[in-house]
Amino acid sequence: MKYILLLGRVLFSLIFIVKAVHHCSSEAMSHAIAVGVPVPYLFVPLSGLLSFLGGLSILLGFKARIGAWLLFVFLLPVTLIMHRFWESQEGIVAMLQHLCFMKNLSLIGAVLMIAYFGSGPLSLSKSSPLKK
């Protein structure tokens, strides 16, 4: 069972680590500006940093509770600002934004579980309550 939790941490963290690099791209900045992100030249790279550090923390199981809160701080505004499906007029755009919104809600749920339970076994942290 401990390997299942490790696999879950690996699979969960990949989206945050892999996509963090995208936050440094001109496309990400342009999109953030288009949807009205305030101070995008600060918040877009900062969101990439939060995503990378939180994902890495959970992947390694090192201070995963802190990493989970970093991801929560990343996900909440991104979900509410970047995926406002209720404002989309086009059917396909609204559908894709709704899908991204719901995906992020699911990720927020998982982040909150990690914030509560910690990283589990096979982690670098010594204080996980799930460790046996």
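The values are calculated or read from the model by the stated rules, or taken from the named source; none is laboratory data. It should be emphasised that the depicted structure is a prediction, and the values quoted were computed from it without experimental measurement. Cβ atoms come from the backbone with ideal geometry, glycine included; neighbour counts cover every protein chain shown.
Quick check, is LEU71 closer than 25 Å to LEU49 by Cβ, part of a loop (DSSP other than H, G, I, E, B) and either modelled with pLDDT of 95 or more or hydrophobic (A, V, I, L, M, F, W, C) (or both)?
no
Go over the candidates ARG65, ARG84 one by one and state the one that is within 25 Å of VAL35 (Cα to Cα) and of a type in the set (Lys, Arg).
Going through ARG65, ARG84 in turn, just one is within 25 Å of VAL35 (Cα to Cα) and of a type in the set (Lys, Arg): ARG84.
Considering only segment 29-54, how many residues are exposed (fewer than 14 other Cβ atoms within 10 Å of the Cβ) and not aliphatic (A, V, I, L, M)?
4
Which is free of Cβ contacts under 8 Å to residues at least 12 places away in the same chain and touching an Asp or Glu at 6+ places or on another chain (Cβ under 9 Å), of ALA94, ALA34?
ALA94
Can you go through SER57, SER51 and tell me which one is part of a helix (DSSP H, G or I), small (Gly, Ala, Ser) and under 21 Å from PRO121 (Cβ atoms)?
SER57
Can you find, within segment 113-127, the residue that is modelled with the lowest pLDDT among those that are surrounded by 15 or more Cβ atoms within 10 Å (Cβ to Cβ) and within 21 Å of the chain's Cα centre (by Cα)?
That would be SER125.
Can you name the condition, by its number, that PHE62 falls short on among (1) part of a helix (DSSP H, G or I); (2) among the hydrophobic types (A, V, I, L, M, F, W, C); (3) surrounded by 14 or more Cβ atoms within 10 Å (Cβ to Cβ)?
Among (1) part of a helix (DSSP H, G or I); (2) among the hydrophobic types (A, V, I, L, M, F, W, C); (3) surrounded by 14 or more Cβ atoms within 10 Å (Cβ to Cβ), PHE62 violates only (1).
Out of LEU59, LEU11, LEU50, I need the residue that is at negative phi, within 10 Å of the chain's Cα centre (by Cα) and either at pLDDT 95 or above or of a type in the set (Phe, Trp, Tyr) (or both). Which one?
Within the list LEU59, LEU11, LEU50, the selection yields LEU50.
In segment 13-28, what residues are surrounded by fewer than 13 Cβ atoms within 10 Å (Cβ to Cβ), assigned to a helix (DSSP H, G or I) and either of a type in the set (Ser, Thr, Tyr) or free of Cβ contacts under 8 Å to residues at least 24 places away in the same chain (or both)?
Of everything in segment 13-28, those that are surrounded by fewer than 13 Cβ atoms within 10 Å (Cβ to Cβ), assigned to a helix (DSSP H, G or I) and either of a type in the set (Ser, Thr, Tyr) or free of Cβ contacts under 8 Å to residues at least 24 places away in the same chain (or both) turn out to be VAL18, SER26, GLU27.
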